[in-house]
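Here you go, one structure.
The values are calculated or read from the model by the stated rules, or taken from the named source; none is laboratory data. This one's a predicted model, so the numbers in the text were calculated from it and none came from an experiment. Glycine also receives a Cβ, built like all others from the backbone with ideal geometry; neighbour counts cover every protein chain displayed. Surface accessibility is based on the protein's heavy atoms, side chains included, excluding ligands, DNA and RNA. Shrake-Rupley method; radii C 1.70, N 1.55, O 1.52, S 1.80 Å.
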Amino acid sequence: MGKNEKASFDVVVIGAGVFGAWTAWHLRKRGRRVLLLEMYGPAHARASSGGESRIIRMSYGADEIYTRWSQHSLNQWKQLFAATNEKLFHETGVLWLGAERSEYLEQSRANLQLCGVKHEVLEKRELESKYTQINFEGVSRGLFEPQSGVLLARRAVNCTVESALRIGVLTRIAQAVAPQGRGRLDSLELADGDRISAGQFVFACGPWLGKVFPELLGPRIFPTRQEVFFFGTPPGDVRFASPCLPTWFFQRDEVYGMPDIESRGLKLACDIHGERIDPDTQSRIVSRENAEWASQYVANRFPAMKGAPIVETRVCQYENTSSGDFLIDRHPNFSNVWLVGGGSGHGFKHGPALGEHVAGLVLGEQATKQRFSLDAKLTQQKRAVH
Ligand SMILES: Cc1cc2nc3c(=O)[nH]c(=O)nc-3n(C[C@H](O)[C@H](O)[C@H](O)COP(=O)(O)OP(=O)(O)OC[C@H]3O[C@@H](n4cnc5c(N)ncnc54)[C@H](O)[C@@H]3O)c2cc1C
């Protein structure tokens with residue numbers, strides 16, 4: 001949609017990351033006139049959804065809601081990719097690796113059982129004989145989800161947006177300005193001075209939420225720097241690609257990675273939160289210190305990869321809430337403004353289920369869930385969701 005075109009919308013969704021894209025898609029499927037507004041472009045290089053790949057797994061400890069949303073989302077992702085003839089989900093399997101008496105693994109296993117998710121518990125000696133390319137030091141057992149895997153993230157968002165466009169969502173590149181005052185918002189102001197009228201407004205601004213609403217969300221959304229490394233695999237060696245190697249997570253180390261997908265290399269990243277950053281301006285070049293750490297880690301856990309070159313890197317950000325639970329709630333000052341974000345390093349996979357939930361809220365068919373409410377978002381971090 002161009003600057004001078006005037007149209008009226010039922011809903012304007014601000015932000016074309018995974019959350020905004022699926023929200024727009026679901027609202028349009030429900031027959032609403034939707035504008036998807038984005039300041040840089042869908043899943044751009046600075047967006048949290050802009051990475052090459054994201055894990056989709058069902059294990060969430062005792063958090064049944066996330067297991068169910070993940071299951072529901074995987075179905076929707078698969079339907080989208082089947083309809084668009086895209087191969088953006090790789091069923092690599094996901095392997096959680098825990099130390100002895102890992103309560104999290106036990107709770108996950110119980111939940112997978114409850115939700116009917118296919119899984120397998122592997123004792124250390126089974127792990128060692130199945131995956132001879134991995135050093136399992138400090139691990140006593142694994143929980144394997146054979147039907148989980150990897151979403152090719154930025155392309156999956158583009159695929160969602162294109163699908164949304166085909167069913168009638170309009171898009172526009174522009175920066176939204178935060179509304180002032182209180183009551184009911186009739187129109188949204190843009191940074192270029194234009195205004196857009198609509199019945200409802202959904203701010204799905206990811207790590208920018210705290211910049212858009214500095215007083216309300218500045219202290220409640222913690223954007224942290226996260227560095228990602230891809231290591232070149234040895235020539236002619238398939239042991240670090242799927243199906244030989246699944247997606248993996250060493251729980252005690254808080255380090256995860258993926259097999260070589262589309263020949264981009266073995267992916268590795270640390271899940272510990274980095275320093276607080278500004279998503280517009282932070283440097284996207286990895287630090288020498290972290291590159292050295294990552295090389296040492298690979299050499300230790302995958303001995304045949306010792307000395308492997310770093311072939312690609314990414315610097316992204318998590319947009320954490322205090323607990324790691326999503327933020328999905330009405331703005332306290334406006335009856336028709338919604339706040340959606342707080343993916344907290346695990347949100348990508350949930351895009352379809354989250355978008356469906358937000359559409360239900362906007363249409364007045366669902367109520368806010370307490371754990372996703374603004375009230376539950378504190379100004380001190382105490383991570384509870386992994
Ligand atoms: C390194 C890394 C690894 C991760 N791994 C996983 C994983 O394995 N599995 C998983 O499920 N999740 C993972 N995540 C988390 C997941 O990627 C995020 O939670 C998710 O992408 C957040 O999506 P979003 O739509 O909320 O935000 P974003 O993708 O950042 O989208 C927000 C959009 O809003 C736009 N915007 C902001 N302000 C304005 C404005 N004023 N006007 C117009 N547009 C605006 C921005 O330009 C941006 O495009 C990971 C994240 C990172 C960084």
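Report every pair of residues separated by at least 6 positions or lying on different chains whose Cβ atoms are under 8 Å apart, first residue within segment 186-209 and under 10 Å from residue 174 (Cβ atoms), second small (Gly, Ala, Ser) and not in a strand (DSSP E or B).
From segment 186-209, the pairs are 190/174; 191/174; 192/174; 194/174.
Looking at this structure, is residue 349 more than 13 Å from the ligand (Cβ to nearest atom) and of a type in the set (Lys, Arg)? Quick ask: steps written out before the conclusion?
On the way: more than 13 Å from the ligand (Cβ to nearest atom): no; of a type in the set (Lys, Arg): yes.
In short, no.
Does residue 32 count as open to solvent by 60 Å² or more (accessible area, probe 1.4 Å) and over 17 Å from residue 153 (Cα atoms)?
On the way: open to solvent by 60 Å² or more (accessible area, probe 1.4 Å): yes; over 17 Å from residue 153 (Cα atoms): yes.
Yes, satisfied.
Mind checking which pairs have a first residue in segment 243-258 that is over 20 Å from residue 313 (Cα atoms) and a second that is open to solvent by less than 50 Å² (accessible area, probe 1.4 Å) and among the β-branched types (Val, Ile, Thr), Cβ under 8 Å, 6 or more apart or different chains?
Filtered contacts from segment 243-258: 243/92; 245/92; 245/134; 246/92; 246/94; 250/139; 252/139.
Rundown of residues vs (1) more than 17 Å from residue 252 (Cα to Cα); (2) at pLDDT 95 or above; (3) under 23 Å from the mean Cα position of the chain (by Cα), yes/no style:
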{"site": "55", "(1), (2), (3)": "yes, yes, yes"}
{"site": "81", "(1), (2), (3)": "yes, yes, yes"}
{"site": "94", "(1), (2), (3)": "no, yes, yes"}
{"site": "97", "(1), (2), (3)": "no, yes, yes"}
{"site": "109", "(1), (2), (3)": "yes, yes, yes"}
{"site": "126", "(1), (2), (3)": "yes, yes, no"}
{"site": "129", "(1), (2), (3)": "yes, yes, no"}
{"site": "135", "(1), (2), (3)": "no, yes, no"}
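What do you reckon, is residue 327 in contact (Cβ under 8 Å) with a residue 12 or more places away in the chain, buried (at least 21 other Cβ atoms within 10 Å of the Cβ) and closer than 17 Å to residue 375 by Cα? It would help to see each step written out before you state the result.
Numbers: in contact (Cβ under 8 Å) with a residue 12 or more places away in the chain: yes; buried (at least 21 other Cβ atoms within 10 Å of the Cβ): yes; closer than 17 Å to residue 375 by Cα: yes.
When the stated conditions are applied, residue 327 passes them.
Right, another one. Do we find a residue being more than 24 Å from residue 327 (Cα to Cα), among the β-branched types (Val, Ile, Thr) and open to solvent by less than 40 Å² (accessible area, probe 1.4 Å) anywhere in segment 173-193?
Step one: list which residues in segment 173-193 are more than 24 Å from residue 327 (Cα to Cα), which gives 173, 191-193.
Cutting the leftovers down to among the β-branched types (Val, Ile, Thr) gives us 173.
Right, trim to open to solvent by less than 40 Å² (accessible area, probe 1.4 Å) and you get none.
The answer is no, given that none of the residues of segment 173-193 is more than 24 Å from residue 327 (Cα to Cα), among the β-branched types (Val, Ile, Thr) and open to solvent by less than 40 Å² (accessible area, probe 1.4 Å).
If you don't mind, there's one more thing I want to ask. Just for segment 324-341: of the residues that are part of a strand (DSSP E or B) and near the ligand (Cβ under 10 Å from one of its atoms), which one is farthest from residue 212 (Cα to Cα)?
The first filter runs over segment 324-341 and keeps only residues part of a strand (DSSP E or B), leaving 327-330, 334, 337-341.
Narrowing the set further to residues that are near the ligand (Cβ under 10 Å from one of its atoms) leaves 327, 340-341.
Values: 327: 15, 340: 12, 341: 12 Å.
Filtering first and then ranking leaves 327.
Could you list, in sequence order, the residues of segment 82-103 that are open to solvent by less than 80 Å² (accessible area, probe 1.4 Å), in contact with a strand residue (DSSP E or B) (Cβ under 7 Å, 6 or more places away or on another chain) and either within 20 Å of residue 260 (Cα to Cα) or in a helix (DSSP H, G or I) (or both)?
88, 89, 90, 92, 93, 94, 95, 96, 97
A follow-up question, please. Name, by its number, the condition in (1) more than 12 Å from the ligand (Cβ to nearest atom); (2) buried (at least 21 other Cβ atoms within 10 Å of the Cβ); (3) not polar (S, T, N, Q) that does not hold for residue 10.
Tallying (1) more than 12 Å from the ligand (Cβ to nearest atom); (2) buried (at least 21 other Cβ atoms within 10 Å of the Cβ); (3) not polar (S, T, N, Q), residue 10 fails exactly one: (2).
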